[in-house]
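**Q** I'd like to ask some things about the structure below.
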Amino acid sequence: MGEFSSERARKFTESIIREMTRVCLRHNGVNLAQGFPDFPAPTAIKEAAVEAIRRDLNQYAITWGTPALRAAIARKFAWYNGVEVNPETEITVCCGATEAMIASLLAVVNPGEEVIIFEPFYENYGPDAIISGAHPRFVTLHEPDWSIDPYELSRAFNDKTRAIVINTPNNPTGKVFSREELEAIARLCVQWDVVAVTDEIYEHILYEGREHLSIASLPGMRERSITINSASKTYSLTGWRVGWAIAPEPIAGSIRKVHDFLTVGAAHPLQEAVAVALAMESSYYAGLAADYRERRDLLLDALEETGFRPYRPYGAYYIMADVGHLGFADDIACAMRLVEQGGVATVPGSAFYSEPARGRTKIRFCFPKRRETLEAAAERLRKFAGALK
Ligand SMILES: Cc1ncc(COP(=O)(O)O)c(C=O)c1O
């Protein structure tokens with residue numbers, strides 16, 4: 001029997017995050033592994049989707065997105081991120097931020113060129129770089145505050161660098177990139193003629209006064225930024241698969257071509273409903289952040305109380321925790337024991353590093369869950385910690 005899997009596909013593994021969800025189901029665990037809410041999506045948005053299906057918007061939409069959704073994205077981008085864009089030419093609606101990211105990299109990167117990725121990174125960026133033929137170059141986010149060493153950052157740029165992937169607020173660290181950091185990245189992008197591909201899907205989930213800044217709003221960056229976003233996190237709609245990429249016309253033209261042949265388009269009626277979501281009052285976003293703050297604090301307290309060593313997140317909905325002192329062989333042993341015997345699913349830290357050894361002492365928890373779910377997890381963590389003693 002021949003080996004029919006391509007060299008490309010053999011270069012990466014299945015997603016560990018999604019695998020932990022399957023393991024969790026087998027052990028009837030509380031799923032703090034994969035970042036999706038267990039509470040309902042806003043009623044008005046669900047009603048808009050039902051209404052769109054009834055209006056029979058059930059055939060292909062325009063490949064790069066329905067006019068209503070692109071107009072809503074442009075309005076919101078101007079309001080929240082301070083950048084005016086043309087919805088006719090600069091927005092591509094995709095099947096989630098996931099497709100927006102891979103379509104963007106395929107659109108701008110040539111095989112052999114380099115893409116800078118901050119590490120630890122959201123698991124998908126590794127395979128994204130491989131699929132697009134890019135050579136990833138990792139820049140460390142240094143613990144405990146996940147800071148960037150300006151010297152290391154500047155050394156990562158060279159003649160082969162085509163793009164830099166930014167994710168702020170950041171999964172898995174909870175870091176919110178500061179203005180100074182983004183300005184430093186912007187200067188290097190301009191100097192080396194590099195595209196910033198910026199995944200901002202947690203832009204409204206911020207704590208303790210942190211503010212979100214889009215690199216596209218900085219001088220010289222509008223023409224070289226691809227801003228990626230989605231309905232998944234802001235509106236608790238991870239299963240709808242509606243996201244988008246915003247880029248200047250020449251780049252958007254390439255993204256649109258790649259997107260068209262990858263997926264043709266995101267679900268038409270759901271696009272109409274996401275247009276309604278994007279028009280919600282600003283109080284919705286304040287409420288979202290406040291609710292997440294409560295969830296974050298509940299889980300942080302539980303982790304501290306039970307002997308994990310969490311890193312405090314200032315954005316997004318994840319907590320990285322150090323487990324090196326707990327006596328497990330590695331992160332996988334810890335995460336497997338925790339789900340099999342403790343009934344709480346997490347993600348082993350190595351999923352977020354290019355060299356698994358760098359994540360060996362960490363696991364990641366997520367908290368987009370109802371209070372009862374988080375309290376149940378806290379109770380299980382207490383029992384687990386008690387049994388470790
Ligand atoms: C940083 C980041 N980007 C993208 C995604 C996936 O987004 P979508 O559901 O829009 O494909 C996730 C999901 O966890 C994420 O954490």
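**Q** Can you tell me which residue is farthest from the chain's Cα centre (by Cα) among those in segment 104-145 that are outside any helix (DSSP H, G or I) and of a type in the set (D, E, K, R)? Step through it out loud before you land on a result.
**A** Our first condition is that a residue be outside any helix (DSSP H, G or I); within segment 104-145, this holds for 109-124, 132-145.
Now drop any that are not of a type in the set (D, E, K, R), which leaves 113-114, 119, 123, 137, 143, 145.
Numbers: E113: 23, E114: 21, E119: 13, E123: 9, R137: 19, E143: 20, D145: 19 Å.
Here the residue is E113.
**Q** Moving to a separate point now. Count, please, the residues in segment 223-232 that happen to be part of a helix (DSSP H, G or I) and crowded, with 19+ Cβ neighbours inside 10 Å. Can you show your working first?
**A** Residues of segment 223-232 that are part of a helix (DSSP H, G or I), as a first pass: 223-224, 231-232.
Of the ones still in play, those that are also crowded, with 19+ Cβ neighbours inside 10 Å are 224, 231-232.
Selection size over segment 223-232: 3.
**Q** Let me ask you something else. Within segment 38-89, work out how many residues are within 16 Å of the ligand (Cβ to nearest atom), assigned to a loop (DSSP other than H, G, I, E, B) and surrounded by 21 or more Cβ atoms within 10 Å (Cβ to Cβ).
**A** Going through segment 38-89 one residue at a time, the tally reaches 1.
**Q** Still on this structure, please answer the following. Inside segment 146-171, can you point out the residues that are part of a loop (DSSP other than H, G, I, E, B) and farther than 18 Å from T227 by Cα? Give the derivation first.
**A** Of segment 146-171, the ones part of a loop (DSSP other than H, G, I, E, B) are 146, 149, 157-160, 168-171.
Within segment 146-171, W146, D149, F157, N158, D159, K160 meet the criteria.
**Q** Now for a separate question. Evaluate segment 306-313: report whether one residue or more is in contact with a Lys or Arg (Cβ under 6 Å, 6 or more places away or on another chain) and either among the β-branched types (V, I, T) or within 30 Å of Q59 (Cα to Cα) (or both).
**A** Within segment 306-313 (the criterion being in contact with a Lys or Arg (Cβ under 6 Å, 6 or more places away or on another chain) and either among the β-branched types (V, I, T) or within 30 Å of Q59 (Cα to Cα) (or both)), the answer is yes, since at least one residue qualifies.
**Q** Follow-up. Output yes when any residue across segment 202-222 is touching a Cys at 6+ places or on another chain (Cβ under 6 Å) and over 21 Å from Y311 (Cβ atoms), and no when none is.
**A** Restricting attention to segment 202-222, the residues satisfying the condition of being touching a Cys at 6+ places or on another chain (Cβ under 6 Å) are none.
No, segment 202-222 contains no residue that is touching a Cys at 6+ places or on another chain (Cβ under 6 Å) and over 21 Å from Y311 (Cβ atoms).
**Q** Out of everything in segment 150-183 that is within 18 Å of the chain's Cα centre (by Cα) and hydrophobic (A, V, I, L, M, F, W, C), what residue ends up being farthest from K233 (Cα to Cα)? Full working, then the answer.
**A** Start the filter on segment 150-183 by keeping residues that are within 18 Å of the chain's Cα centre (by Cα), which leaves 163-178, 182.
From what is left, the residues that are hydrophobic (A, V, I, L, M, F, W, C) are 163-166, 176-177, 182.
Working: A163: 25, I164: 23, V165: 19, I166: 17, V176: 16, F177: 18, L182: 23 Å.
Selected residue: A163.
**Q** What pairs can you find where one residue is in segment 5-24 and within 21 Å of E355 (Cβ to Cβ), the other is away from the ligand (no atom under 16 Å from the Cβ) and assigned to a loop (DSSP other than H, G, I, E, B), and their Cβ atoms are less than 9 Å apart, with a gap of 6+ or different chains?
**A** R8/G133; R10/E3; E19/T13
**Q** Let me ask something else about it. Can you find a residue that is more than 10 Å from the ligand (Cβ to nearest atom), open to solvent by 30 Å² or more (accessible area, probe 1.4 Å) and either in contact with an Asp or Glu (Cβ under 8 Å, 6 or more places away or on another chain) or not charged (D, E, K, R) (or both) anywhere in segment 233-250?
**A** Yes, segment 233-250 contains a residue that is more than 10 Å from the ligand (Cβ to nearest atom), open to solvent by 30 Å² or more (accessible area, probe 1.4 Å) and either in contact with an Asp or Glu (Cβ under 8 Å, 6 or more places away or on another chain) or not charged (D, E, K, R) (or both).
**Q** Scan segment 118-131 for residues that are modelled with pLDDT of 95 or more and away from the ligand (no atom under 12 Å from the Cβ) and report the count.
**A** Counting residues in segment 118-131 that are modelled with pLDDT of 95 or more and away from the ligand (no atom under 12 Å from the Cβ) gives 1.
**Q** Among the numbered criteria (1) within 24 Å of L188 (Cα to Cα); (2) open to solvent by 50 Å² or more (accessible area, probe 1.4 Å); (3) within 16 Å of the ligand (Cβ to nearest atom), which single criterion is violated by P150?
**A** (3)
**Q** Report yes if G174 is crowded, with 24+ Cβ neighbours inside 10 Å, not in a strand (DSSP E or B) and not aromatic (F, W, Y), otherwise no.
**A** In short, yes.
**Q** Could you tell me whether any residue of segment 364-385 is within 15 Å of P172 (Cα to Cα), touching a strand residue (DSSP E or B) at 6+ places or on another chain (Cβ under 9 Å) and free of Cβ contacts under 8 Å to residues at least 40 places away in the same chain?
**A** The answer is no; no qualifying residue exists.
**Q** Is at least one residue of segment 13-30 of a type in the set (S, T, Y), surrounded by 14 or more Cβ atoms within 10 Å (Cβ to Cβ) and within 16 Å of the ligand (Cβ to nearest atom)? Full working, then the answer.
**A** We begin by selecting, within segment 13-30, every residue of a type in the set (S, T, Y); these are 13, 15, 21.
Then keep just the ones that are surrounded by 14 or more Cβ atoms within 10 Å (Cβ to Cβ); that gives 15, 21.
Next, only the ones that are within 16 Å of the ligand (Cβ to nearest atom) stay: 15, 21.
Scanning segment 13-30, I find at least one residue that is of a type in the set (S, T, Y), surrounded by 14 or more Cβ atoms within 10 Å (Cβ to Cβ) and within 16 Å of the ligand (Cβ to nearest atom), so the answer is yes.
**Q** Sticking with this one: Out of segment 90-103, which residues are within 12 Å of the ligand (Cβ to nearest atom) and not in a strand (DSSP E or B)? Even if it seems obvious, please write down each step before you answer.
**A** Step one: list which residues in segment 90-103 are within 12 Å of the ligand (Cβ to nearest atom), which gives 93-103.
Matches in segment 90-103: C95, G96, A97, T98, E99, A100, M101, I102, A103.
The values are calculated or read from the model by the stated rules, or taken from the named source; none is laboratory data. Source: prediction; values computed, not measured. Cβ: placed from backbone, ideal geometry, glycine included. Neighbour counts: every protein chain shown. Just so you know, the surface numbers come from the protein's heavy atoms only, side chains and all, with ligands and any DNA or RNA stripped out. Shrake-Rupley method; radii C 1.70, N 1.55, O 1.52, S 1.80 Å.
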